[in-house]
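Read through the structure below, which is laid out as structure tokens, and then see the notes.
Just so it is clear, none of the values below were taken in a lab; they were calculated from the coordinates. The structure displayed is predicted, hence computed values, not measured ones. So basically every Cβ, Gly included, is an ideal-geometry build from the backbone, and we count neighbours across all protein chains shown.
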Amino acid sequence: MGIYLTGRVGALLLALLFQVLAVRLAPTVEYATFSVLLAGGSVANTVAGLGSQRLIPKIIGALERWGPARSGQLFLTVLLLRVVAICTVSALLFYAYLRGIDTSLPISSRYAVPFIYAALTMSIYVDVEAASQTLRQQRLSRTVALSDVAGRCIGVVTLYAVTGRVTAMALILIIGSTQFVASAVLFLTTMRELRRRALPDNPSTANTRELLHLAFAAYVGGLAWVATAPSTLRLFAASVLQPTALATLAFVQSLGASVQRYTPGFMLMPYVEAQIMREGHELTTSEVNARLTLPWKIDLALALVISAGLAPMGQLLFTAIGRPQFVGYAIFLALVVLPIPTATMYRSGEVAAVLAERYGAMFRGAFVSVIAFCIVTQANRIGIVALLLLPVIDNCLKCILIGRSLEDSAVRPFTNWRSVLLLFSAGAASALLCGTMVHQSFGYSVILSLLAAALMSGLIVALRLFSRSELLMLVSILPPNVAGSARTWLAR
């Protein structure tokens, strides 16, 4: 697990660098066009998800029971269905909505093939990475993640150096190409690893009905998530915002998405999910619960500290890494961080619901998302601030529904609700309060940022967000020389 986490820090920095390069080198209209196309690809991935992100860990995790041939066959079947689904959905989405979303954006039919290509490669990468993680290929996953984002940065810089111009078409093709290479590497190594595995002595038969039930529940959960996903918010905001405002929103969301993908908790979830699906029957209840609660609590603590510390520096950071026109929206840097832990929290809840076979809670959560989606469609009425805070409300309500369905179960993916709500309230208040302040002095802004982050850290410690079992699991991730001292401290 330590290898898996430490290797992603570089990928996070490179992903952030790619976003900065894209927004600085591409014209505003081109960047806005690219952001809308990328958001469409993300939505198409979820709509054509088929529950694969929950289904693939289950299939690969049952390798020792079903045998490599059966698991491999089911894995290839899911991938083939995903290819057909994503091509169909992305084509329909492009011609039915994207092409006519906003007359100020030059989205024409020439973007159709690159858009479908990028949507396909991004979708397959998610699936093969889930399979690779389930097979414990952490070193490979780390290398591929680093190479993927490094290739994007090199591609953008090379293109600008040669042609002096970066377009939306070029950015989409760069992402599609790096994701294609990453997907191919992970797919080939996964299939090779499956062929190496020995056939179990008494292989059992896969329960097709159970797999279909799981896939359907996961698919509904995915659709519920996409209702307030950043990509969905961007698509509907594109119809009411001018290119500069849309580019600002896209830049902020891209930074948030890059941070979310490589936060410790979010990165832990594929590993945790694969481990629970593979070894859940061997773990104690407290060990399972610690694995479910630790990821989102880590992300919550980091998001609150970053949000509180980032707000006073928002305008300075926008000036340094974005465009001067973005400065008026500096508060969004703090607001976009808050939904990150709730996404990890909901993902933990989904894993718990699947483990306890409480699929009904996921279906009920879909109704909450339907209401949230109806609100999203009124983006021109509710305003951008409310639009960015809506995912927090949506995810928290769905987590409450899952938590209530697990009241008679030993599985507990959510704890310390009172502390969590108090911390969220404090984080939102500090972001809004500090973000509205105008500071021209760099030194004053840095001091205020450090003070806000320190106060939030003290509040997290005072409210005892982490339990002892969660801290012990966190210690197991640390390097051996640090872990020994930390265990001694916890024992006291």
Peptides 284-293, 400-409, 47-56 ordered by average Cβ neighbours within 10 Å, highest first | 47-56, 284-293, 400-409
Going by average Cβ neighbours within 10 Å, how do the peptides 126-134, 414-422, 340-348 rank, with the highest at the top?
-> 340-348, 126-134, 414-422
Highest mean packing first, using Cβ neighbours within 10 angstrom, the peptides 240-249, 188-197 sort as 240-249, 188-197
Fewest Cβ neighbours within 10 Å first, please rank L389, L268 accordingly.
-> L389, L268
On full extension of the chain, what length is gained from V370 through S409, given 0.36 nm per residue of separation minus the C-alpha to C-alpha distance?
-> 11.3 nm
